[in-house]
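Just below is one structure, and these are the notes that go with it.
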Amino acid sequence: SELIRGFLLSGMPCPSSCPPGLLALMAPGLALMATFSLSSQAGDRRALPVEKSPGVKGRTLILLDVNTKSPVRIISENFLSLQLDPSIIHDGWLDFLSSRRLVTLARGLAPAFLRFAGKRTDFLQFHNVKNPAKTRGGPGPDYYLKNYEDDIVRSDIALDKQKGCKIAQHPDIMLELQREKAAQMHLVLLKEQFSNTYSNLTLTARSLDKLYNFADCSGLHLIFALNALRRNPNNSWNSSNALSLLKYSASKKYNISWELGNEPNNYRTLIGRSVNGSQLGKDYIQLRSLLQLIRTYSRANLYGPNIGRPRKNVIALLEGFMKVAGSAVDAVTWQHYYIDGRVAKVTDFLKTRLLDTLSDQIRKIQKVVNTYTPGKKIWLEGVGATSAGGMNNLSDSYAAGFLWLNTLGLLASQGIDVVVRHSFLDHGHNHLVDQNFNPLPDYWLSLLYKRLIGPKVLAIHVAGLQRKPRPGRVIRDKLRIYAHCTSSHSHNYVRGSITLYIINLHRSRKKIKLAGTLRDKIVHQYLLQPYGKDGLHSKSVQLNGQPLAMVDDSTLPELKPRPLRAGRTLVIPPLTMSFYVVKNVNALACRYR
């Protein structure tokens, strides 16, 4: 991010004769993330002499305009996508993906990719059997094995009788038993995660059917990550189990894209031996050849290598991979978690230094990719606020949204084509939907993003009116503004409208005056704030003062804007996230697809 210098003016609106450079500073070559130091700037101790008019003391105003002529980036329609971890096989939640409520929530975020991958990807074995009751070895008392599994089988039989999209209405007692089972399994899964030792998982044919049914019913495109740790004695990939899965999926005509492995840079700690970039590249070439032999997947997309944080050894692995298989993949992927969920505090989510850690990673990945395959698409997969499963009342709270929304804005402005959120539903606390199937704050934030934000990214122009800086004080960029063309899927707005989304990490409100092409336009405000007495720790949110909740299992609430009169100054409350649709701008960049 680039720190924008404010300009000390008299407090009156700048006349039209002001030099353009005073009104706008535009970041070269990409959509600018507007970040402001509203009190001072590091390294600058001088203040311009200014004569203040009476009553202007303490007033802060920001002038904002957008370049509406052409977009600086165009990202995928599936930019905001989702992930499910294979742990849902272990704790039983996969059997409940046919829930009408879950499908409704997932449909709200379509179109998107649904990536089935995670830490347990490389311990997943496919077994082509249909009856899960014969193969499940669930934990706990007898009623789990008898009542619970019998209910699952009865539910499966009922689903089999349905044609097309298979939707279930699970009884409350069945869900209660599942939550008890999942609570027991949560401890097992956490122990595996912290010890970095994972038990094998079996994916049955019926489980794959349920997974695909969920994706298909929800309007999501499934991406399946195959086990890369089945190795031959010479350390090459053993593809026999993957071939069995591919043949079964092809027989069902499932439309799936593919990956191989998860975080290959960690294989030494998992199995005691590493797979270098060159070998991993050969494994991907082998998988590409395998796909071409199966008619259904001869043109299927392949993504990888899904490396972890790009430290020196990981960059070396990526370079080795790109030399061999850069042309074999349709997008290069990596993943990022901001902080260790075991030690996170709410104040961590307000640190601008933390928000900016992603920028350096993007540059490192882009440098390698552009060296070997210029123009190749780059995806960030498996992104979450915290690692280690997250922390209750923190990574699933309103506070985590600052990281999430900034991640979306930063990645789009840097031209990253897709970001995959870990996770839609999970055993930890990084998910969008909890185990009562209730949407959490980041879900509502994602829903607003999907409804309002289109794939065309716009550059913004900013100038600030501010008080005299206090010497010696450094204020980092706590106000962040991004601009896109409004989504063409939104029926409420005509083509040519623009959507701004704004993060205010200041503990005071900030005022923004729309200028230039945005001046005197009607604006619709979507202000997202925590709901209830828990503040930033809240798991509920309100939109323009109204709490958000599902109407019923089949219906999401209407997201009602607050209309602001033309020319009104935008007032951004402290510690909030908000979206502003500027109507009828007739922006040239946004008129056409």
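Can you find, within the stretch 477-496, the residue that is nearest to Ser359 (Cα to Cα) among those that are open to solvent by less than 10 Å² (accessible area, probe 1.4 Å) and in a loop (DSSP other than H, G, I, E, B)?
Across the stretch 477-496, the extreme among qualifying residues is Ser487.
Does Asn306 qualify as being open to solvent by 10 Å² or more (accessible area, probe 1.4 Å) and not hydrophobic (A, V, I, L, M, F, W, C)? Outline the logic, then answer.
Numbers: open to solvent by 10 Å² or more (accessible area, probe 1.4 Å): no; not hydrophobic (A, V, I, L, M, F, W, C): yes.
For Asn306, the condition - open to solvent by 10 Å² or more (accessible area, probe 1.4 Å) and not hydrophobic (A, V, I, L, M, F, W, C) - is not met.
For the stretch 555-593, name all the residues that are more than 25 Å from the chain's Cα centre (by Cα), of a type outside the set (A, V, I, L, M) and open to solvent by less than 70 Å² (accessible area, probe 1.4 Å).
Gly567, Thr569, Lys583
Identify the single condition in (1) under 30 Å from Ser195 (Cβ atoms); (2) open to solvent by 10 Å² or more (accessible area, probe 1.4 Å); (3) of a type outside the set (Lys, Arg); (4) not in a helix (DSSP H, G or I) that Phe424 does not satisfy, given that it satisfies every other one.
With respect to (1) under 30 Å from Ser195 (Cβ atoms); (2) open to solvent by 10 Å² or more (accessible area, probe 1.4 Å); (3) of a type outside the set (Lys, Arg); (4) not in a helix (DSSP H, G or I), Phe424 is out only on (2).
Residue check, Thr333 against (1) out of contact with any helix residue (DSSP H, G or I) (no Cβ under 7 Å at 6 or more places or on another chain); (2) of a type in the set (Val, Ile, Thr); (3) in a helix (DSSP H, G or I), all met but one. Which one?
(3) is the only condition that Thr333 fails.
From Tyr338, Tyr303, grab the single residue that is at pLDDT below 95 and not in a loop (DSSP other than H, G, I, E, B).
Tyr338
Filter the stretch 76-106 for residues that are open to solvent by less than 10 Å² (accessible area, probe 1.4 Å) and among the β-branched types (Val, Ile, Thr) and give the result.
Correct list: Ile88, Val103.
Does Val314 satisfy the condition of being more than 30 Å from Lys252 (Cα to Cα) and either open to solvent by less than 10 Å² (accessible area, probe 1.4 Å) or assigned to a loop (DSSP other than H, G, I, E, B) (or both)?
yes
Check off (1) under 20 Å from Pro557 (Cα atoms); (2) part of a loop (DSSP other than H, G, I, E, B) for Gly118 and give me the number that stays unchecked.
The failed condition is (1).
For the stretch 162-194, give me the residue count where each residue is open to solvent by 60 Å² or more (accessible area, probe 1.4 Å), polar (S, T, N, Q) and part of a helix (DSSP H, G or I).
Counting residues in the stretch 162-194 that are open to solvent by 60 Å² or more (accessible area, probe 1.4 Å), polar (S, T, N, Q) and part of a helix (DSSP H, G or I) gives 1.
Residues that are open to solvent by less than 10 Å² (accessible area, probe 1.4 Å), at pLDDT 95 or above and farther than 20 Å from Asp477 by Cβ: which strands (runs of 3 or more DSSP E) entirely in the stretch 497-554 hold 3 or more of them?
523-530
Can we say Lys210 is open to solvent by less than 30 Å² (accessible area, probe 1.4 Å), among the basic types (Lys, Arg) and over 30 Å from Tyr372 (Cβ atoms)?
Yes; evaluated as a whole, the condition is true for this residue.
I want to confirm something. Restricting to the stretch 213-226 and keeping residues that are out of contact with any Phe, Trp or Tyr (no Cβ under 7 Å at 6 or more places or on another chain) and open to solvent by 10 Å² or more (accessible area, probe 1.4 Å), which single residue is farthest from Pro264 (Cα to Cα)?
As a first pass, look at the stretch 213-226 and keep what is out of contact with any Phe, Trp or Tyr (no Cβ under 7 Å at 6 or more places or on another chain): 213-219.
Still in the running and open to solvent by 10 Å² or more (accessible area, probe 1.4 Å): 213, 216-217, 219.
Numbers: Asn213: 29, Asp216: 29, Cys217: 32, Gly219: 30 Å.
Top of the filtered list is Cys217.
Regarding the stretch 342-351, can at least one residue be identified that is open to solvent by 10 Å² or more (accessible area, probe 1.4 Å), over 22 Å from Ser446 (Cβ atoms) and touching a strand residue (DSSP E or B) at 6+ places or on another chain (Cβ under 8 Å)?
No, because not a single residue in the stretch 342-351 is open to solvent by 10 Å² or more (accessible area, probe 1.4 Å), over 22 Å from Ser446 (Cβ atoms) and touching a strand residue (DSSP E or B) at 6+ places or on another chain (Cβ under 8 Å).
Regarding Arg206, is this residue closer than 25 Å to Tyr284 by Cα and of a type in the set (Lys, Arg)?
Criteria not met by Arg206.
Hey, any hits in the stretch 368-379 for a residue that's β-branched (Val, Ile, Thr), in a strand (DSSP E or B) and modelled with pLDDT of 90 or more?
For the stretch 368-379, residues β-branched (Val, Ile, Thr), in a strand (DSSP E or B) and modelled with pLDDT of 90 or more: present.
Looking at Tyr372, is it touching a residue at least 60 places away in the same chain (Cβ under 8 Å) and not charged (D, E, K, R)?
no
Going residue by residue through the stretch 257-265, is there one that turns out to be open to solvent by 10 Å² or more (accessible area, probe 1.4 Å), free of Cβ contacts under 8 Å to residues at least 60 places away in the same chain and either out of contact with any helix residue (DSSP H, G or I) (no Cβ under 6 Å at 6 or more places or on another chain) or β-branched (Val, Ile, Thr) (or both)?
No; the residues of the stretch 257-265 include none that is open to solvent by 10 Å² or more (accessible area, probe 1.4 Å), free of Cβ contacts under 8 Å to residues at least 60 places away in the same chain and either out of contact with any helix residue (DSSP H, G or I) (no Cβ under 6 Å at 6 or more places or on another chain) or β-branched (Val, Ile, Thr) (or both).
On the given criteria, is Ala168 at pLDDT 90 or above and under 21 Å from Cys217 (Cβ atoms)?
Yes; evaluated as a whole, the condition is true for this residue.
Just to check your reading of the model, which residue among Ala205, Ala182 is aliphatic (A, V, I, L, M), touching a residue at least 40 places away in the same chain (Cβ under 8 Å), in contact with a helix residue (DSSP H, G or I) (Cβ under 8 Å, 6 or more places away or on another chain) and under 27 Å from Gly108 (Cα atoms)?
Of the residues listed, the single one that is aliphatic (A, V, I, L, M), touching a residue at least 40 places away in the same chain (Cβ under 8 Å), in contact with a helix residue (DSSP H, G or I) (Cβ under 8 Å, 6 or more places away or on another chain) and under 27 Å from Gly108 (Cα atoms) is Ala182.
The values are calculated or read from the model by the stated rules, or taken from the named source; none is laboratory data. The structure presented is a predicted model; accordingly, all values stated were derived computationally and were not measured. Positions of Cβ are generated from backbone atoms using ideal geometry, with glycine treated the same way; all protein chains shown enter the neighbour counts. Surface accessibility is based on the protein's heavy atoms, side chains included, excluding ligands, DNA and RNA. Shrake-Rupley method; radii C 1.70, N 1.55, O 1.52, S 1.80 Å.
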